[in-house]
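**Student:** Structure in structure tokens, see below.
The values are calculated or read from the model by the stated rules, or taken from the named source; none is laboratory data. The shown structure was predicted, so the numbers you read here are calculated from the model rather than taken from an experiment. Because the Cβ atoms are built from the backbone with ideal geometry, glycine has one as well, and the counts that use them run over all protein chains shown.
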Amino acid sequence: MTNIKHHLTDDLLMSYAAGNLPEAFSLVVATHVSLCDECRARLASYEAVGGAVLYEAPCCAMSEDSLAATLLRIAEAPQDAVPARATGAPGLFPQPLRDYVGGDLDAVQWKSVGGKVRQTVLPTSKEASVRLLHIPAGTAIPDHGHHGMELTLVLQGAFQDEGERFGRGDVEVAGEDLEHTPVATPGDDCICLAATDAPLKFNGLIPRMAQPFLGI
Amino acid sequence: MFPTARAKAVTQHATSDARWVRLVERVKSDKDQAAFAALFAHFAPRVKAFLMKSGADAALAEECAQEVMVTLWNKAHLFDPERASVATWVFTIARNRRIDALRKQRRPEPEELTWGPEHEPEQSETIALQQESEQLGRALAALPENQRMLIERAYFGDLSHSEIAAETGLPLGTIKSRIRLALDRLRHEMK
Ligand SMILES: [Zn+2]
């Protein structure tokens, strides 16, 4: 928790607070925030702006029987029992990621993308895509395509990029301009969650783009 | 310097937002319908306007505003006045409803961090956060028109993420620091 050095940008946090991020990016943001109280507090301050906007917003009259109708809904659909806080064994994946995977690491259905690198694409809306990558220690991470923005969040192990180390909880935010070759460090295999703007190109390209790094 | 005068100012100042916190408390602990009606009268028309500005027609906005208020009732126990004003909390519920109903997407949310059942909110922290939230509201109102409009459009969901500039000129640092400290206390209690 305290070792995170690479955080989300203000733009990402504000867009997420405002509800304007593609689902794939939102998943990376929600997963990082689950691991990082610094960004959780920054996010809350951007949500406070939303509170102020709502509070200052002009009113729009509700229909006449609206309160009664709402109370009826409450009576007809009684609240579920207060769910206990998830107290299961703390796994590798924070809850938002588990929701998309359908469980923790052991529930992931990996597919090879060439060499020893494996991935699984998670189901989100189409404007952007997000995948889990499993990269053996010491191996280069396949190029994400350099089309648009990419977010890479480390969940296990670490990678090295441009002289910086990214470990669990760290997130790398890269634009089109960044030429980079992240390499998984020796030790544990690296597992990361990577989102990108350019789903179609990314899907078609990954095996080919991986070639120079993986020697396949 | 003048503790008495300052304490008095704090109490007086706290009344407007503290009222909403007390009403949510009553919904949570007593299922108090009168308290809910007061919250409804204030927030439902604002949520409806918010959703219409986000592109919903009147019927859908009415429907969603009712659902937002149902969620407020059902999740009152999750509201934490040390980390959000009532308006901010209602905003997050309305935003999530908008993403679901208008954008037809799932909304990945961070893991919930909640205090233990025996936790009593720190009054001084709650009041300080309320004051800072009100200050933020005044700062927003005082922004130059075009800048304020841009922020509003972003929060109505009217700007794509690449168009958003997070440099708002709003006083967010104090709120961030206060929430950060609340999170530290919460983590300490969870150990
Ligand atoms: Zn962070």
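**Student:** So, in the stretch B:75-100, how many residues would count as being at the interface with chain A (Cβ under 9 Å from one of its Cβ atoms) and surrounded by 18 or more Cβ atoms within 10 Å (Cβ to Cβ)?
**Tutor:** Result for the stretch B:75-100: 14.
**Student:** Just for the stretch B:47-74: of the residues that are touching a residue at least 40 places away in the same chain (Cβ under 8 Å) and at the interface with chain A (Cβ under 8 Å from one of its Cβ atoms), which one is nearest to B:MET149 (Cα to Cα)?
**Tutor:** Top of the filtered list is B:LYS53.
**Student:** Hey, does the stretch B:110-122 have a residue that's buried (at least 24 other Cβ atoms within 10 Å of the Cβ), within 8 Å of another protein chain (Cβ to nearest Cβ) and in contact with a helix residue (DSSP H, G or I) (Cβ under 8 Å, 6 or more places away or on another chain)?
**Tutor:** No, because not a single residue in the stretch B:110-122 is buried (at least 24 other Cβ atoms within 10 Å of the Cβ), within 8 Å of another protein chain (Cβ to nearest Cβ) and in contact with a helix residue (DSSP H, G or I) (Cβ under 8 Å, 6 or more places away or on another chain).
**Student:** Please work out which one of (1) in contact with a helix residue (DSSP H, G or I) (Cβ under 7 Å, 6 or more places away or on another chain); (2) in a helix (DSSP H, G or I) is the condition A:PRO58 fails and give its number.
**Tutor:** (2)
**Student:** Could you tell me which numbered condition B:GLY169 fails, if it satisfies all but one of (1) on the phi < 0 side of the Ramachandran plot; (2) more than 7 Å from every other protein chain (Cβ to nearest Cβ)?
**Tutor:** Of everything listed in (1) on the phi < 0 side of the Ramachandran plot; (2) more than 7 Å from every other protein chain (Cβ to nearest Cβ), B:GLY169 misses just condition (1).
**Student:** So, one more: Scanning the stretch B:123-138 for residues that are facing chain A (nearest Cβ under 7 Å) and without any contact (Cβ under 8 Å) to a residue 60 or more places away in the chain, which turns out surrounded by the fewest Cβ atoms within 10 Å (Cβ to Cβ)?
**Tutor:** Result: B:GLY137.
**Student:** Do we have A:GLN160 as of a type in the set (S, T, N, Q), in contact with a Ser or Thr (Cβ under 9 Å, 6 or more places away or on another chain) and either surrounded by fewer than 22 Cβ atoms within 10 Å (Cβ to Cβ) or at pLDDT 95 or above (or both) here?
**Tutor:** yes
**Student:** So, one more: Kindly indicate whether A:LEU21 is out of contact with any Asp or Glu (no Cβ under 6 Å at 6 or more places or on another chain), without any contact (Cβ under 8 Å) to a residue 24 or more places away in the chain and more than 16 Å from the ligand (Cβ to nearest atom).
**Tutor:** Spelling it out, it is not the case that A:LEU21 is out of contact with any Asp or Glu (no Cβ under 6 Å at 6 or more places or on another chain), without any contact (Cβ under 8 Å) to a residue 24 or more places away in the chain and more than 16 Å from the ligand (Cβ to nearest atom).
**Student:** Now a separate question. When you scan the stretch B:101-109, do you find a residue that is more than 7 Å from chain A (Cβ to nearest Cβ), in contact with a Cys (Cβ under 7 Å, 6 or more places away or on another chain), within 25 Å of A:PHE25 (Cβ to Cβ) and aliphatic (A, V, I, L, M), even just one?
**Tutor:** Yes, that holds for at least one residue.
**Student:** Condition first: in contact (Cβ under 8 Å) with a residue 60 or more places away in the chain and more than 7 Å from every other protein chain (Cβ to nearest Cβ). Now tell me which residues in the stretch B:147-166 satisfy that.
**Tutor:** Matches in the stretch B:147-166: B:PHE156, B:ASP158.
Matching residues to (1) within 23 Å of B:LYS48 (Cα to Cα); (2) crowded, with 23+ Cβ neighbours inside 10 Å; (3) more than 7 Å from chain B (Cβ to nearest Cβ):
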| residue | (1), (2), (3) |
| --- | --- |
| A:VAL28 | no, yes, yes |
| A:THR31 | no, yes, yes |
| A:LEU43 | no, yes, yes |
| A:VAL49 | yes, yes, no |
| A:GLU56 | yes, no, no |
| A:SER63 | yes, no, no |
| A:SER66 | yes, no, no |
| A:ALA77 | yes, no, yes |
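**Student:** So, one more: Kindly check whether there is at least one residue in the stretch A:25-46 that is away from the ligand (no atom under 16 Å from the Cβ) and in a helix (DSSP H, G or I).
**Tutor:** no
**Student:** If I filter the stretch A:108-131 for residues that are touching an Asp or Glu at 6+ places or on another chain (Cβ under 8 Å), of a type outside the set (A, V, I, L, M, F, W, C) and over 19 Å from A:PHE25 (Cβ atoms), do I get at least one hit?
**Tutor:** No; the residues of the stretch A:108-131 include none that is touching an Asp or Glu at 6+ places or on another chain (Cβ under 8 Å), of a type outside the set (A, V, I, L, M, F, W, C) and over 19 Å from A:PHE25 (Cβ atoms).
So that you can scan it fast, the table gives a plain yes or no per residue for (1) modelled with pLDDT under 95; (2) farther than 30 Å from B:GLN33 by Cβ; (3) within 11 Å of the ligand (Cβ to nearest atom); (4) within 17 Å of the chain's Cα centre (by Cα):
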site	(1), (2), (3), (4)
A:ILE4	no, yes, yes, yes
A:ALA48	no, no, no, no
A:ALA57	yes, no, no, no
A:GLU64	yes, no, no, no
A:LEU71	no, no, no, no
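**Student:** A further question follows. Residues of the stretch B:27-71 being basic (Lys, Arg) and buried (at least 18 other Cβ atoms within 10 Å of the Cβ), which ones?
**Tutor:** Scanning the stretch B:27-71 gives B:ARG46, B:LYS48, B:LYS53.
**Student:** Something else now. Which residues, counting only those in the stretch B:139-191, are surrounded by fewer than 17 Cβ atoms within 10 Å (Cβ to Cβ), in a helix (DSSP H, G or I) and among the hydroxyl-bearing types (Ser, Thr, Tyr)?
**Tutor:** B:SER162, B:THR174, B:SER177
Every residue, every condition in (1) part of a helix (DSSP H, G or I); (2) surrounded by fewer than 15 Cβ atoms within 10 Å (Cβ to Cβ); (3) modelled with pLDDT of 95 or more, yes or no:
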site: A:ALA84; (1), (2), (3): no, yes, no
site: A:GLY88; (1), (2), (3): no, yes, no
site: A:LYS126; (1), (2), (3): no, yes, no
site: A:LEU132; (1), (2), (3): no, no, yes
site: A:GLY145; (1), (2), (3): no, no, no
site: A:GLY148; (1), (2), (3): no, no, no
